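Below is one structure, written out as structure tokens, with a few remarks after it.
The values are calculated or read from the model by the stated rules, or taken from the named source; none is laboratory data. Remember, predicted model here, so these are calculated numbers, not experimental data. In this analysis, Cβ positions are derived from the backbone assuming ideal geometry, glycine residues included, and neighbour counts consider all displayed protein chains.
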Amino acid sequence: MPSNHLTRHAQQVLTVAQGKAHHRYGPGADPSIARSWTRCLEDYHLDPAQPMAPTVLEHARVLESRERLQQVLSIAGGEMNSLHQQLSGGHAVLLTDDRGVILNCVTEPGERRIFERAGLWLGADWSESREGTNGIGTCLVERQSVTIHRDEHFRGRHTGLTCSASPVFDPHGDLLAVLDVSSARHDVSRQSQFHTMALVNLSAKMIESSYFLRHFDDQWLLRFHLQAGSVGLFSEGLLAFDGEGRVSALNQSALNLLSLGRANLIGQPVEALFECSLDDLLSRASPHPAASWPLRTRDGRGFFAVLRGQALHAPKVFSTPVGSKPVAPAALNGICLGDSALQTDFRRALKVFERDVPLLINGETGSGKEAFAKAVHQASQRARKPFVALNCAAIPESLIESELFGYRGGSFTGARKEGMRGKLQQADGGTLFLDEIGDMPVALQTRLLRVLEDRLVVPIGGEPQSVDVRIISATHRNLLGRVENGGFREDLYYRLNGLEVALPPLRERSDKSQLLDFLLEEEAGGHPVVIEPDARQTLLDFNWPGNVRQMRNVLRTLAALCEENRIGLSDLPHVIRQKAAPIKEAAPDSPLECAERSALIEVLEAQRWHMTHVAQELGVSRNTLYRKLRKHGIAR
């Protein structure tokens, strides 16, 4: 970056921070920006013109942070992928811990280097005291959503970035993480960030709520709202209480609805808040509540509520005895198996899994590979044992060995004294799901093969330890092709491929209508949401390039925004409504259009219709690729 730009930017920062300029527009107009610039100068003593490289934490400390937020990372992974799919090219979706250290990053593979040059590395410290005013760091200090657009950054070297960040709070109101979307594009205006900021806020609230629900899985959980149709949505109040009926935790929405502070509620009997006895309240509990019921507070305010938990006097639940028949697909929760071919694949997968035969699940990104694997685990005799997932593509090569095998205390500089258990040890007695196995480094493939053969894990710097674990792998790649070009070990391929299950893309599933209802019921929290016939048909006719993950994300947004619990055609995203409109075909006598169409088909066939690889080959984003396919009417 030219030094004169750094000098001009530094002068602007000093002028605004010292109160010598008051602008209605520009960086100084936002009080949070001005406050941050002042902090950077007076508290952190930073120089806006100094082009310092980012501070990156050492290997062990990044591992420690990831382990500490393991549950959050697991929840956030799918949400980050969904958020990234909704954005055009040129965006990175980041998750940091409560200190501003980047723990996960979702980008297009071809754009990763752009963001790394901007300092957005895994393990990079983007706290305000290190990097000055920026989306992540300023969000941590202000404890609220912020957008930092280009020249609003404190350091001149960051003025090419636009960042929108939202805080993620834990059930006790403490900062847990920050979700951030950063763009290095020059054509991003501050006004265009309103839409991005709304998406980031919604995703952060989803992560927050999911974490709350999972964190208090063993307690009673009251979900309530002023409107019956809003129970189960991100704006609902969540209140957890223990077996004695005392409040354990509340989310911010619950505090807002009750108009009380957290300190006044924690430890209080839930009977003191609502006009019903504890026994009456517990009698309404259900493990999977659907219909809400009226609930009044002691001061007369009315809500609608559901209570998650085991109802009083409910029949005792017995575990599946050894040797009993496998659970039928219709009895499973969390997955829709209306497609007859998919049901057959599930039964076959469960049958061989019970005999300790490894499964290899193949399918496009977003087709539900992890959901299928988890359903097999939950239907098996290992259902009460751990199901541990590791995404081999989401973890840098420098960290994946420690994540998978763990390490002994003091085995390398910065390692914790007590060491760390790897995923294989965490899954002992249960199931280890290795997602995107095709992206595992070759050196680790050798070690994994040895574990599968010997049933022994050797942590870094430690001694061999026996493990009892069953493996389910998944990939969207052509693993045989990877074997042929030396990117994947042939012996490991045949060791993992005890039975290969090919999940169909959503566009080819026969149960699309059933899946639509299934996902909508989940995302609407069990409340009846009606999709008008024309909107429903448009959703069913859409090609769904992002598969089940994309459909779930669209329905989540529609359920959150719909009025009077109805979804009409006008409520659908533009890209889906556009598909319903007649497509104007290119003129047959246009050589340019014909050439582009032919080139697209040629690359699609060469890459076997793997959209990510096609986009990389053509040097465009996936969104641009899908627009061109729609333009030319190309479908598989």
Check: Across segment 418-452, which residue is modelled with the lowest pLDDT among those that are of a type in the set (V, I, T) and crowded, with 19+ Cβ neighbours inside 10 Å?
Finding: V451
Next item on the list: Please give the helices (runs of 4 or more DSSP H) falling wholly within segment 396-513 in which 1 or more residues are of a type in the set (D, E, K, R) and over 28 Å from A60 (Cα atoms).
Entry: 442-454, 479-484, 490-496
Note to self: Being at pLDDT 70 or above, of a type in the set (A, V, I, L, M) and either touching a helix residue (DSSP H, G or I) at 6+ places or on another chain (Cβ under 8 Å) or not assigned by TED's automatic domain parsing to the domain that holds H225 (or both) is true for just one of L282, L295, L255, L260. Which residue is that?
What the structure shows: L255
Notebook entry, point to check: So which pairs qualify, if the first residue must be in segment 87-114 and on the phi < 0 side of the Ramachandran plot and in a loop (DSSP other than H, G, I, E, B), the second must be modelled with pLDDT of 95 or more and polar (S, T, N, Q), the Cβ gap must be under 7 Å, and the two must be at least 6 apart or on different chains?
Noted result: R99/S127
Notebook entry, point to check: Only one of (1) of a type in the set (A, V, I, L, M); (2) farther than 18 Å from L499 by Cβ; (3) at pLDDT 90 or above is not met by A311, so which one is it?
Noted result: (3)
Notebook entry, point to check: For segment 561-575, which residues satisfy the criterion of being loosely packed, with under 11 Cβ neighbours inside 10 Å and either of a type outside the set (S, T, Y) or not assigned by TED's automatic domain parsing to the domain that holds H527 (or both)?
Noted result: E563, E564, H574
Item checked: Answer from R556, R536 - the residue that is of a type outside the set (D, E) and at pLDDT 90 or above -> R536
Margin query: Name the single residue that is surrounded by the fewest Cβ atoms within 10 Å (Cβ to Cβ) among those in segment 170-194 being of a type in the set (V, I, T) and over 30 Å from L222 (Cα atoms).
Written below: V188
Check: Since F241 meets every condition but one in (1) within 25 Å of the chain's Cα centre (by Cα); (2) surrounded by 14 or more Cβ atoms within 10 Å (Cβ to Cβ); (3) farther than 24 Å from N134 by Cβ, which condition does it not meet?
Finding: (1)
Next item on the list: From V141, V101, V106, grab the single residue that is closer than 30 Å to E617 by Cα and not hydroxyl-bearing (S, T, Y).
Entry: V106
Note to self: When you check S466 against the structure, is it touching a strand residue (DSSP E or B) at 6+ places or on another chain (Cβ under 9 Å) and touching a residue at least 24 places away in the same chain (Cβ under 8 Å), yes or no?
What the structure shows: no
Notebook entry, point to check: Considering segment 524-541 alone, what residues qualify as being crowded, with 21+ Cβ neighbours inside 10 Å and closer than 29 Å to F433 by Cβ?
Noted result: A524, G525
Check: How many residues are surrounded by 19 or more Cβ atoms within 10 Å (Cβ to Cβ) and either of a type in the set (S, T, Y) or touching a Cys at 6+ places or on another chain (Cβ under 8 Å) (or both) if we restrict to segment 71-94?
Finding: 4
Checklist line | Qualifying positions in segment 453-494 - modelled with pLDDT under 90 and among the β-branched types (V, I, T) | finding: V457, V458, I460
Checklist line | Index of the failed condition, Y44 passing every other in (1) crowded, with 18+ Cβ neighbours inside 10 Å; (2) in a loop (DSSP other than H, G, I, E, B) | finding: (1)
Next item on the list: Would you be able to say whether some residue in segment 103-114 is surrounded by fewer than 23 Cβ atoms within 10 Å (Cβ to Cβ), under 19 Å from T624 (Cα atoms), touching a Gly at 6+ places or on another chain (Cβ under 7 Å) and not assigned by TED's automatic domain parsing to the domain that holds M551?
Entry: yes
Checklist line | Residue identified as without any contact (Cβ under 8 Å) to a residue 24 or more places away in the chain, in the same structural domain as A10 (by TED's automatic domain parsing) and under 24 Å from the mean Cα position of the chain (by Cα) among H172, H195 | finding: H195
Checklist line | Among the residues listed as V352, V357, the single one being surrounded by fewer than 21 Cβ atoms within 10 Å (Cβ to Cβ) and outside any helix (DSSP H, G or I) | finding: V357
Check: All but one of (1) over 27 Å from W609 (Cα atoms); (2) touching a strand residue (DSSP E or B) at 6+ places or on another chain (Cβ under 8 Å) hold for T446; which doesn't?
Finding: (2)
Check: Of the residues that make up segment 150-169, is at least one crowded, with 23+ Cβ neighbours inside 10 Å, more than 22 Å from V13 (Cβ to Cβ) and polar (S, T, N, Q)?
Finding: yes
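One line per residue, one yes/no per condition, for (1) more than 30 Å from T612 (Cβ to Cβ); (2) part of a loop (DSSP other than H, G, I, E, B); (3) modelled with pLDDT of 85 or more; (4) under 24 Å from the mean Cα position of the chain (by Cα):
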residue: T320; (1), (2), (3), (4): yes, yes, no, no
residue: A341; (1), (2), (3), (4): no, no, yes, no
residue: A371; (1), (2), (3), (4): no, no, yes, yes
residue: V376; (1), (2), (3), (4): no, no, yes, yes
Next item on the list: Look at F518 and say whether it is outside the structural domain of G409 (by TED's automatic domain parsing) and modelled with pLDDT under 95.
Entry: yes
